[in-house]
Structure formats: structure tokens, C-alpha cells
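Worksheet: one structure, shown below.
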Amino acid sequence: MSPGWKSTLKQLALAGALGLAPLLVQAGQPPQWPVSSIAAPLRQGAHAVIRQQDDVLAVKAAGRMVHTVRRVVTVLDEQGDNWGVAVVPYDKLTQVSYLRGTVYDAEGQAVRTLRPADIKDYSNVSGASLFEDNRVRVADLRQPRYPYTADFTYEYTSDNTLNFPTWSPQDEEHVSLEHATLRVTTPTELPLRYLEERLPQGGAVTKSQQGSQLVYAWQLTNLPPLEREAYSPPVAEQVPTVYTAPTAFEVQGHRGDMTTWQGLGKWEYDLNQDRAELSPEVKAKVTALLKDVTDPRQRVRKVYEYLQNSTRYVSVQLGIGGWQAFPASTVASTGYGDCKALSNYCMALLRAAGIESYCAIIGAGEQRAAIRTSFPSNQFNHMILCVPMPKDTVWLECTSQTEAFGYLGSFTGGRHALLLTPQGGKLVRTPAYAASANGQFRNAQVAIDDKGFGRATVRTVSTGRQQDELAQMLSALPPDEQRKQAYARLGLAAVTIEQSNWQRNHLGALPAVTERLTLALPSYASLTGRRLFLVPNLLNRLPPPASAVGARQTPLVLHLPFTDADTVRFTVPAGYKPESVPAPVQLRTAFGSYDAQVQVLPDGSIQYIRRLQMPNGRFEAAQYEAYEAFRQRISKADRMQLVLVRPES
């Protein structure tokens with residue numbers, strides 16, 4: 001550090017002690033990053049502009065790398081304020097070398113520079129964790145006046161080369177980019193593996209060699225801000241991205257090969273080998289548990305229910321513990337473990353019962369990006385258990401005390417997993433849940449009086465992915481919060497829940513939640529003179545979609561396949577007869593099918609029947625107009641009115 005820089009630090013300390021803003025501007029100093037130099041197309045529709053981002057990744061050895069980042073961002077308004085903060089994570093295997101920063105005003109004059117005391121250090125431990133060493137260093141240069149420009153530089157050294165960084169500088173909506181570079185240097189014996197996606201023309205890699213080092217370089221320039229269209233792919237699937245991965249890697253002395261899925265899986269399998277031993281006492285418990293149970297599937301169920309009743313989940317992210325499980329004997333004695341430990345423990349229990357199973361690593365989370373199957377790399381954040389059976393395969397989520405046996409839901413269902421076998425890793429797919437499996441089947445009885453007041457008894461059975469949220473609600477929330485959520489789901493302007501009840505059923509092929517509600521519906525029907533006007537679709541009115549602004553640019557993505565079936569029967573007040581009954585509606589498209597009809601029954605009651613089934617899938621941008629028309633027609637049909645009239649007195 002130069003004497004001049006030390007002097008500046010002293011001036012800053014004095015200014016801080018006096019309560020004054022530390023001034024860094026020197027006469028004649030040229031402005032840095034003035035906002036006026038940003039091209040108009042990059043400002044239009046942007047909350048922030050990345051002026052410069054430079055990533056340098058230096059691979060030192062199979063088990064060591066250094067990542068240096070410089071990021072300069074002009075924040076245009078409050079919605080871009082997160083770019084005025086730098087957050088650098090670290091742990092036992094990763095050390096932060098430095099974190100520096102300076103903030104400039106709109107004219108490009110320095111406002112202040114970070115001092116060491118400005119950088120905060122926080123634990124980054126999750127609420128469900130007992131064993132984590134994750135921490136973050138945070139530097140905050142946000143300003144009360146806009147625009148301003150935050151210039152951060154930081155570097156970290158990591159002894160964990162399992163995860164190379166992904167380069168995607170423009171990774172948010174409403175953020176434009178002036179210039180970004182990525183430079184990777186690595187020894188010739190450790191060539192970089194990379195996957196380029198959506199790079200603009202001229203953005204592909206340039207390769208060179210400098211002595212014993214291979215050099216890979218990319219750059220991006222002048223990218224306008226992105227605004228997601230309705231039902232479009234996530235931002236991560238729309239912006240230029242370079243995925244990087246090692247050939248050979250090493251974590252705390254455990255070396256692996258990442259060039260194939262088999263190699264990556266073998267590393268994880270070997271890391272956890274010989275950690276599934278159980279004591280004779282635990283094995284005896286398993287034998288007693290399965291006494292007189294001969295059906296293979298029921299034997300697996302019994303073991304899984306024993307796991308759920310005797311363990312709980314805690315996170316372990318401590319060094320190699322982020323990938324290596326606690327021994328099964330430890331889980332048996334303590335009663336807790338993370339996804340790896342609990343999956344390994346369940347595997348050990350099943351092995352004691354003579355049932356073979358395999359752990360599998362997977363990318364968990366609803367709407368998580370699909371695994372890039374052509375690019376072996378660590379794209380996983382969770383572990384589950386696979387139990388091959390004579391007629392099918394059972395998948396077990398071992399971290400949940402309440403999940404249904406053999407059900408994965410939206411958390412890990414319908415995606416690739418890496419099965420860990422003695423021979424190495426093998427990519428397989430977990431079960432997907434079709435529209436018929438994700439059902440919502442509702443039956444309602446509604447009595448209307450001559451003032452338009454309604455009282456309804458409603459029974460709704462939700463299955464598969466349509467019960468996921470309800471099941472989580474029942475597990476996690478007290479009754480008063482469950483009732484609040486029920487009001488939010490009803491979506492009616494005037495309603496009182498007089499009685500409510502929810503019941504889970506895990507005995508069928510799919511988990512189900514049955515909801516029973518008694519509702520008071522003031523002014524459900526509108527009274528005008530001799531007529532009552534009401535919408536027979538009681539609780540399932542689909543809103544219209546967002547209209548396209550200009551020509552659609554991105555594919556249409558439908559995530560949840562589902563089937564909704566509603567039957568609502570109305571008892572009408574004495575003397576009232578149907579005057580206007582909506583015509584039946586039937587729609588058939590690539591985006592789903594819809595049927596709705598109103599029937600006048602012989603006893604004078606009126607029955608409304610509605611069925612909507614929609615698939616999941618990805619459709620060309622040109623098809624959005626047809627999808628919008630389909631949704632508009634459903635929305636209109638869902639709001640069609642029934643008119644009742646009584647004779648004149």
C-alpha cells in the first residue's frame with residue numbers, strides 16, 4: 001500500500017469521526033463512469049446498467065482456483081438498488097482475499113470509498129442447520145440519490161473445485177450491459193470444459209496458450225435490458241451464459257473426474273462408501289418391524305414410515321460434509337441428518353431388510369432449470385433414494401416427516417437425477433405427474449334465497465401436485481393461518497367461512513387432501529326487480545392471460561399439467577325459474593380442453609358442470625396468440641351468468 005493511499009485512509013477516518021461524508025474528489029481528477037456516457041438504448045427500460053464486469057478464473061491445480069471479479073454498475077432507480085451491494089460468500093474451503101469498492105455520483109465524481117470497517121461479516125446459516133460454516137462478506141454502497149455507480153472488486157481462493165463459476169453477467173430483468181469479459185487460465189493438463197448458450201454473434205470463445213497455461217476468453221457488449229414476457233422461460237434461460245466445469249477436480253484430498261456422468265457419480269459414491277453400517281440392535285428393530293410383512297412394496301413403505309417417525313432434517317454444509325453423509329449409525333443414535341445422511345440411513349435400513357436401493361443426487365426445486373445432460377457437471381443440490389422394484393421403481397424423499405410414500409411432487413419429480421452405483425453415476429428420470437394425476441375435483445351444494453344470499457357446502461379433493469401447497473400448509477401452519485389461506489384461495493369479494501376442515505390421505509396411489517368448507521355468501525346473486533343474476537361457476541374462475549405487447553419473442557412455457565372438475569348444484573328460491581341459461585361451451589386446443597354446461601334438473605334445481613384440463617410443455621412464440629385466445633374464451637365462459645325470474649305478483 002502506497003503512503004498516499006494510507007494518507008487518504010487517515011483523512012477518511014477523520015471525516016467519519018467528525019460525522020462528515022468522506023470526500024475523495026481531487027481537483028482536476030477526470031470523472032469515472034459518468035451516466036451521460038450510457039447509450040440511450042441501454043437506459044430505456046433499465047433499473048441498472050452493468051458498465052463493466054470482468055471475471056478472471058485462474059485454475060492453479062486440480063484442487064485450487066482463484067476467482068477475481070470487478071463489477072461496475074450504474075443504479076438508475078430504487079428498483080436497481082440491489083446492485084449497490086456486493087455479497088461475497090465463503091466457507092471453510094473458500095477464503096476471501098479482499099473486497100474493495102468506490103461509489104460515484106451521476107457526473108462520475110467519487111463520493112466515497114469502502115473502508116475495512118464498512119465491510120460486514122455475517123453468518124449465512126439456514127434455519128434448519130446445525131452444521132454449516134457458510135458466511136458472507138457484505139459491502140453496501142447504496143446512495144439516497146439516483147443515479148449512482150458502484151464499483152466493486154473482490155477475489156476469493158477456493159480449495160473446492162467441484163463447482164466452477166457460471167458466467168452470466170446479465171442475470172436479471174431490467175438490467176442492461178455495456179461490457180463484460182471472462183478469462184480463464186488453467187494448466188495444459190487440466191483443460192477447461194465449457195458450454196456456451198445464447199451468445200451473440202462474435203461472442204464465442206477465443207483460445208490461446210501462454211507457456212504451460214491454456215487461456216480461454218469471452219466478451220459481451222451492448223446488451224439491452226430484458227423484460228420477461230408472460231409465461232416465458234426464466235431469465236436464466238434467455239440471457240447469454242457460459243457454463244464452466246473442470247476435467248479433474250479435488251476436494252479435501254478426494255480427487256474425481258468430471259468428464260462423464262459416470263465419473264462424477266463414482267466420486268460421490270466412493271465418498272460415501274462404507275457409511276451405511278448399522279448396529280445389531282438397529283438391524284433387529286428392522287427385522288421386528290417387518291415381521292409378517294411379505295409384500296415387497298409394503299416392506300419398503302414400513303421402513304420409510306419408520307424413518308419418518310424416528311428422524312428429522314438438519315442441514316450439514318461443513319467442508320466435505322456438504323457432499324459426504326454422516327454414517328448411518330450416527331443418524332440412528334442422534335435421530336437427525338441432512339438429505340445425504342437420511343438417504344444413506346434409509347438405504348442402510350432397507351439393506352438390513354434385504355432390499356437394495358441407491359442414493360441419487362438431483363436438482364431440487366419447483367421450476368428448476370433442467371439438467372444440461374450433455375455437460376457433466378455438478379448441477380445438483382439435493383439427494384433422494386431410489387428403490388428398484390420387480391414391477392416399478394419407488395422414489396423416496398427422506399428429509400420429510402410428512403411426505404407421502406413414493407411421492408416426489410414438484411420438488412424433485414419429472415427431471416433427471418444421477419443414480420450413484422458401484423460402477424459410477426447413471427442419469428435417470430424421476431416420475432413426472434401428468435394432468436390426470438394433478439387433479440382438483442370439487443362438488444358444491446348451494447342454496448340461494450330470494451334476496452340473493454347463498455349458503456354453500458363445498459367438498460374439494462386435490463391430488464398430486466395440486467395438493468402440494470395444501471399439504472405443506474397443514475404441516476407448517478397453525479389453524480388460524482390455514483383459515484387465512486383458505487380465504488385467499490376462495491377469491492370471492494364477500495364470503496364467510498363458517499366451517500372448515502382439511503384431511504390428508506396418503507393411502508392411495510397419489511397423495512390427496514380433502515377440503516370441506518361451509519360458506520356464507522351474502523349477495524352471491526344480484527337481485528334486480530323480479531330477477532336474480534348469478535355466476536354458476538362458484539370457485540374456479542380462470543383469469544384472462546396477460547396480453548402480448550407487440551410480437552411475441554419467447555416461447556410459451558406451461559409448467560403445471562392439471563385437471564379441474566367442478567360440479568355445483570343450486571337450489572333456487574321458491575317461485576323462481578330459469579329465464580336465461582348459458583349455452584354449453586366446448587373448446588379443444590393444443591393448450592388443453594374445456595367443457596362447461598348448465599343443466600336444469602327435473603326437481604327444479606340447477607347444475608353447473610365444468611372441466612378444464614391443460615398440459616405442461618413449451619410452445620413456439622407464434623402460438624401465444626392462439627393460447628391467449630383460448631384463455632380469453634375460458635375466462636369469458638367462467639363468468640357467464642344465469643338469470644332466474646319469478647312471476648309477477
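Of the residues making up the stretch 598-643, just one is part of a helix (DSSP H, G or I), among the small types (Gly, Ala, Ser) and under 17 Å from Thr567 (Cβ atoms), namely Ala637.
Here Ser547 does not qualify as on the phi > 0 side of the Ramachandran plot, surrounded by fewer than 16 Cβ atoms within 10 Å (Cβ to Cβ) and in contact (Cβ under 8 Å) with a residue 40 or more places away in the chain. For the stretch 511-537, the candidate set comprises residues that are in contact with a Phe, Trp or Tyr (Cβ under 9 Å, 6 or more places away or on another chain) and among the polar types (S, T, N, Q); within that set, the residue that is surrounded by the most Cβ atoms within 10 Å (Cβ to Cβ) is Asn537.
Of the residues that sit in the stretch 261-288 and are among the aliphatic types (A, V, I, L, M) and in contact (Cβ under 8 Å) with a residue 40 or more places away in the chain, which one is nearest to Gln324 (Cα to Cα)? Let's see the steps before the verdict.
So in the stretch 261-288, the residues among the aliphatic types (A, V, I, L, M) come out as 264, 271, 276, 278, 282, 284, 286, 288.
From what is left, the residues that are in contact (Cβ under 8 Å) with a residue 40 or more places away in the chain are 264, 271, 276, 278, 282, 286.
Numbers: Leu264: 14, Leu271: 6, Ala276: 12, Leu278: 17, Val282: 22, Val286: 25 Å.
Top of the filtered list is Leu271.
Within the stretch 475-491, the set of residues being surrounded by 13 or more Cβ atoms within 10 Å (Cβ to Cβ) and touching a residue at least 40 places away in the same chain (Cβ under 8 Å) comprises just one member, Leu490.
Considering only residues in the stretch 321-375 that are more than 25 Å from Glu250 (Cα to Cα) and of a type in the set (Lys, Arg), the one that is modelled with the highest pLDDT turns out to be Arg351.
Give Arg552, Arg631 a once-over and let me know the one that is farther than 30 Å from Gly454 by Cβ and either surrounded by 17 or more Cβ atoms within 10 Å (Cβ to Cβ) or free of Cβ contacts under 8 Å to residues at least 60 places away in the same chain (or both).
Details: Arg631 fails: farther than 30 Å from Gly454 by Cβ.
Every option except Arg552 fails the conditions.
In contact (Cβ under 8 Å) with a residue 60 or more places away in the chain and farther than 30 Å from Gly256 by Cβ - does that describe any residue in the stretch 424-433? Yes, the stretch 424-433 contains at least one residue that is in contact (Cβ under 8 Å) with a residue 60 or more places away in the chain and farther than 30 Å from Gly256 by Cβ. Filtering the stretch 143-184 to residues that are part of a strand (DSSP E or B) and among the aliphatic types (A, V, I, L, M) leaves Ala150, Val175, Leu177, Ala180, Leu182, Val184.
Among Glu107, Glu155, Glu196, Glu178, which is the only one that is within 19 Å of Gln52 (Cβ to Cβ), surrounded by fewer than 16 Cβ atoms within 10 Å (Cβ to Cβ), in contact (Cβ under 8 Å) with a residue 12 or more places away in the chain and among the charged types (D, E, K, R)?
Working: Glu155 fails: surrounded by fewer than 16 Cβ atoms within 10 Å (Cβ to Cβ); Glu196 fails: within 19 Å of Gln52 (Cβ to Cβ); Glu178 fails: surrounded by fewer than 16 Cβ atoms within 10 Å (Cβ to Cβ).
Among Glu107, Glu155, Glu196, Glu178, only Glu107 is within 19 Å of Gln52 (Cβ to Cβ), surrounded by fewer than 16 Cβ atoms within 10 Å (Cβ to Cβ), in contact (Cβ under 8 Å) with a residue 12 or more places away in the chain and among the charged types (D, E, K, R).
When the stretch 303-354 is filtered for residues that are over 22 Å from Ala288 (Cα atoms) and assigned to a loop (DSSP other than H, G, I, E, B), the ones remaining, listed by number, are Val314, Leu318, Trp323, Gln324, Ala325, Phe326, Pro327, Asp338.
How many residues does the stretch 356-371 hold that are among the small types (Gly, Ala, Ser), part of a loop (DSSP other than H, G, I, E, B) and surrounded by 17 or more Cβ atoms within 10 Å (Cβ to Cβ)? Here the count works out to 3.
Out of Leu177, Leu141, Leu114, I need the residue that is within 25 Å of Gln219 (Cα to Cα) and at pLDDT 95 or above. Which one? Break it down stepwise before answering.
Details: Leu141 fails: within 25 Å of Gln219 (Cα to Cα); Leu114 fails: within 25 Å of Gln219 (Cα to Cα).
Of the residues listed, the single one that is within 25 Å of Gln219 (Cα to Cα) and at pLDDT 95 or above is Leu177.
The values are calculated or read from the model by the stated rules, or taken from the named source; none is laboratory data. Just so it is clear, the structure is predicted and the values come from calculations on it, not from any experiment. We place every Cβ from the backbone using ideal geometry, glycine too, and count neighbours over all the protein chains shown.
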